[in-house]
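Take a look at the structure below.
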Amino acid sequence: MQRLNNQIYHDYPSYPEKVLQFGEGNFLRGFIDWQFQVLNEKTDFNGSVVVVQPRGNNKIERLNNQDGLFTLYLQGIKEGQLVNQHQVIESISRGINLFTDYPEYIKLAGTEDLRFIVSNTTEAGIMFDPSDQLEDRPQMSFPGKLTAFLYHRFKAFAGNEKRGCIIIPCELIERNGERLREIVLQYASLWNLEDEFIEWVMNANTFCSSLVDRIVPGFPTDSYKEKTEQLGYEDELIVVGEQYHLWVIEGPDWIKNELKVEGTGLNTLIVNDLSPYRIRKVRILNGAHTAMTPVAYLYGLSTVEESVNHEEIGMFIKEMIAEEIIPTLEGSKTELADYADDVMNRFANPYIKHYLMSIALNSISKFQTRNLPALLDYVEKYNTLPKRMVFSLSSLLYFYRGKRGNDVIELQDDPVSLQFFKTNWEKFEQHELTMKELVNKILGEERFWGLDLTSIPNLENTVSINLLNIYKMGVKEALKELFETSI
């Protein structure tokens, strides 16, 4: 059977390269690249996407082997009906491997058509690495790569302010556009770049904060054979996503003239303030994802659908949202409850196999941004701990032990963090640390949480009790213990 490429799928247009995309993963392809295809089909956008990888891997090569083409399945509820539809996405022109084709990256910086830059490098991606240098090929951090690209563009067009870009990061951190711009300016200072470049970054480029919402679990391992037979070709880059989508972009109104989303059917909003959208979505949807993952996985479950349909874990998630997350949010409680019901229905989508281990990537930074604000607000408002959220935190610490029964958990996080957990769990198991001392070390590590969590009244003691119960009895029995006692 032939592989998907332009030899078997050749009746599609070629567009000018208007978008640089940092990230080749499932989410961007099933969300951003799909939207640019819709804009090409329904408006005069007339642009394609060039993809670069924020980290080293072989997906760029696989993307180029398929000439940028991939199949997107959108499955779920649409207008009250179960819908299962698929299409070939043709909005990507090519991928550039920054480790082998860096000159092409520099060349792209000097092209007139380029207008947009988008990214999704996870919450841990928008960070400053002082070891990055302008001369690196490439820089290690995403903001370092972006700063170098913008500098080469500045030089190529001699500072022409009409050649700036609209930069829309999609990472789930608060004020992601503002934070990214701050780090770009940090690099400009570190690298002693011209004042004119700094002025060009500030005046010619528009950094938009944004919020994204679509569940994209990724490659359909379980149904790949069935889908291949249905399609009649092999596609190593199939993406599966839900029907629902929302993209909120905070920026000036004139962006609507360049992203003409109105009338396209896209649920894409260009607004003056995305804060209400962000807080609701991050705390309820993303927060529930992150909080459920260690609890459900250690319980023995594998997917989100399994988790929300499980009698005990499903109730744990639902009650955590209703009793511990929604009370921390402003706005209509009825609207928030309706949104939470929609989220639970989306989690239960029978078409979506969203594996807990795919959500578990960089779980520590995710808990900090998605769950910790709700935990802190709950403590401030009620002067007590949210027991389910704290149990999730306890389970997360056990998850980073790296074992589920006799099975090894393939943890995915930065090497320094993984080594920290490995070292301290080994010390505990060699009786060099008590459980309370272990918890004290982890909760007191401010680089994980942004603050010393041991300062929160009773948190250290409660996590120690939960964690010891999980260690001795497992999550299932520890959950029973949780609701038989009071925090």
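Odds and ends about this structure:
- Long-range neighbours under 6 Å by Cβ, at least six apart or interchain, first residue at pLDDT below 95 within region 237-258, second among the β-branched types (Val, Ile, Thr) and not in a strand (DSSP E or B): 241/216; 242/215; 242/352
- Screening 136, 113 for residues that are surrounded by fewer than 17 Cβ atoms within 10 Å (Cβ to Cβ) and either in contact with a strand residue (DSSP E or B) (Cβ under 9 Å, 6 or more places away or on another chain) or outside the structural domain of residue 200 (by TED's automatic domain parsing) (or both) leaves exactly one candidate, 113.
- Of the residues making up region 56-103, those that are in contact with a Phe, Trp or Tyr (Cβ under 6 Å, 6 or more places away or on another chain), over 22 Å from residue 347 (Cβ atoms) and polar (S, T, N, Q) number 1.
- Residues being touching a strand residue (DSSP E or B) at 6+ places or on another chain (Cβ under 6 Å) and either basic (Lys, Arg) or at pLDDT below 95 (or both) - total across region 160-210: 2
- Flag if residue 78 is at pLDDT 95 or above, surrounded by fewer than 16 Cβ atoms within 10 Å (Cβ to Cβ) and more than 23 Å from the chain's Cα centre (by Cα): no
- Residues in region 146-180 that are buried (at least 21 other Cβ atoms within 10 Å of the Cβ), more than 19 Å from the chain's Cα centre (by Cα) and not hydrophobic (A, V, I, L, M, F, W, C) were compared, and the one that is nearest to residue 27 (Cα to Cα) is 147.
- Residue that is farthest from residue 142 (Cα to Cα) [pool: residues in region 38-64 that are modelled with pLDDT under 95 and surrounded by fewer than 21 Cβ atoms within 10 Å (Cβ to Cβ)]: 62
- Answer residue from region 1-26, given it is surrounded by 19 or more Cβ atoms within 10 Å (Cβ to Cβ) and of a type in the set (A, V, I, L, M) and is farthest from the chain's Cα centre (by Cα) among those: 4
- Among the residues of region 24-32, some residue qualifies, meaning at least one is of a type in the set (Gly, Ala, Ser), under 22 Å from residue 227 (Cα atoms), touching a residue at least 24 places away in the same chain (Cβ under 8 Å) and not in a strand (DSSP E or B).
- Criterion (among the aliphatic types (A, V, I, L, M), part of a helix (DSSP H, G or I) and closer than 15 Å to residue 121 by Cα) met by exactly one of 180, 211: 180
- Region 354-395, subset within 15 Å of residue 317 (Cβ to Cβ) and of a type in the set (Ser, Thr, Tyr), residue nearest to the chain's Cα centre (by Cα): 392
- Test for residue 59: is it farther than 23 Å from residue 106 by Cα and of a type in the set (Lys, Arg): no
- Scan of region 146-194 for residues that are in contact (Cβ under 8 Å) with a residue 60 or more places away in the chain, out of contact with any helix residue (DSSP H, G or I) (no Cβ under 6 Å at 6 or more places or on another chain) and among the β-branched types (Val, Ile, Thr), ordered by number: 166, 168
- Checking each residue in region 65-84 for being closer than 28 Å to residue 140 by Cα and outside any helix (DSSP H, G or I) picks out 66, 67, 68, 69, 70.
- Where residue 390 falls short, out of the listed (1) in contact (Cβ under 8 Å) with a residue 24 or more places away in the chain; (2) exposed (fewer than 13 other Cβ atoms within 10 Å of the Cβ): (2)
- Pair list, Cβ under 7 Å, 6 or more apart: region 1-19 residue under 30 Å from residue 164 (Cα atoms), other residue among the acidic types (Asp, Glu) and at pLDDT 90 or above: 12/90; 16/113; 17/113; 18/113
The values are calculated or read from the model by the stated rules, or taken from the named source; none is laboratory data. The structure displayed is predicted, hence computed values, not measured ones. Here the Cβ is made from the backbone with ideal geometry for all residues, glycine too, and neighbour counts use every protein chain on show.
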